[in-house]
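Below is one structure; the comments refer to it alone.
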Amino acid sequence: MLDIIIFAAIALFLAWRLYGVLGRRTGNERPRPDPITVRRSADAAEGNVVPLPGRPADADRPPIEAPREAAARVPVNVDAAARAGLDRIAAAEPGFEPAAFLGGARAAFEMIVNAYAAGDSATLRPLLSDEVFGHFDGAIRKRTAAQETLTTTLIGITEATIVEAEVDAKAARITVRFVSEQVNVTHDAEGRVVDGDPSTVTKVTDIWSFLRNLRARDPNWTLVATRSPA
């Protein structure tokens, strides 16, 4: 009996201490913050909540388009003189779309301009015809021999317009006028500027012709000619 009385007294003492620490709940206490709930509320206030698929909020979001569908929505700049040629190319090449072609041409323009500046002939080789590659590679070799480096920053392409289009039994040829903003600077071996201005953005107009062999399985177009506007 003595042991029971002692244990009961200890239990009563512990219960009293716990009551003193926690107090009584009246129903008006502020709930303890839940870090997950608080984070979600903050995100919602900032508009950063990403709803799960199937949630009602998804109804307000446009579906992700396939590349071909997205290209079809891009405005296509075509000179009137080139429209008939594009129609003939589309008749000879099922699936041809001017918007998709222009998207690829813009990507090729950026890749070629950057590769030329970096002296990357390996990247240029599959994108250019033999004649055009010879000119580009020759200029790179000349620059290397002079111990000069070219730095090109392509700010952006402000215009890409199809100006010519033609097709025969073997190949289709499309010419595009690119207008871009660039910063081009050439340095010598000591790092001194020998051409260009690093603080000047230049508007550059290039007219490039691309060719695709309609009898080949390769769907890619090759850069076969470059010129400046007359």
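Which condition number does Val163 fail, the rest of (1) without any contact (Cβ under 8 Å) to a residue 60 or more places away in the chain; (2) surrounded by 12 or more Cβ atoms within 10 Å (Cβ to Cβ); (3) within 22 Å of Pro229 (Cβ to Cβ) being met? Evaluating Val163 over (1) without any contact (Cβ under 8 Å) to a residue 60 or more places away in the chain; (2) surrounded by 12 or more Cβ atoms within 10 Å (Cβ to Cβ); (3) within 22 Å of Pro229 (Cβ to Cβ) leaves (1) as the failure.
Taking the condition of being over 27 Å from the mean Cα position of the chain (by Cα) and in a strand (DSSP E or B), how many residues in region 165-181 meet it? Adding up the residues that qualify gives 5.
Checking Val185, Val201 one by one, the residue that is modelled with pLDDT of 95 or more and under 19 Å from Ile112 (Cβ atoms) is Val185 and no other.
When Glu93, Glu97 are checked against the criterion of being in contact (Cβ under 8 Å) with a residue 24 or more places away in the chain, charged (D, E, K, R), in contact with a helix residue (DSSP H, G or I) (Cβ under 7 Å, 6 or more places away or on another chain) and assigned by TED's automatic domain parsing to the domain that holds Asp188, a single residue qualifies: Glu97. Restrict the check to region 122-143 and report whether at least one residue is surrounded by 13 or more Cβ atoms within 10 Å (Cβ to Cβ), closer than 19 Å to Pro229 by Cβ, at pLDDT 95 or above and under 25 Å from the mean Cα position of the chain (by Cα). Looking through region 122-143, none of the residues is surrounded by 13 or more Cβ atoms within 10 Å (Cβ to Cβ), closer than 19 Å to Pro229 by Cβ, at pLDDT 95 or above and under 25 Å from the mean Cα position of the chain (by Cα).
Considering the conditions (1) assigned to a strand (DSSP E or B); (2) exposed (fewer than 12 other Cβ atoms within 10 Å of the Cβ), Glu190 is excluded by exactly one of them, (1).
Could you please find all residues in region 144-155 being within 29 Å of the chain's Cα centre (by Cα) and farther than 21 Å from Ser209 by Cβ? Listed by number, the residues that qualify are Thr149, Leu150, Thr151, Thr152, Thr153, Ile155. Count of region 204-218 residues, restricted to those that are surrounded by 11 or more Cβ atoms within 10 Å (Cβ to Cβ) and either within 27 Å of the chain's Cα centre (by Cα) or over 28 Å from Phe101 (Cβ atoms) (or both), is 9.
The values are calculated or read from the model by the stated rules, or taken from the named source; none is laboratory data. Model, not experiment: these values are computed from the prediction. So basically every Cβ, Gly included, is an ideal-geometry build from the backbone, and we count neighbours across all protein chains shown.
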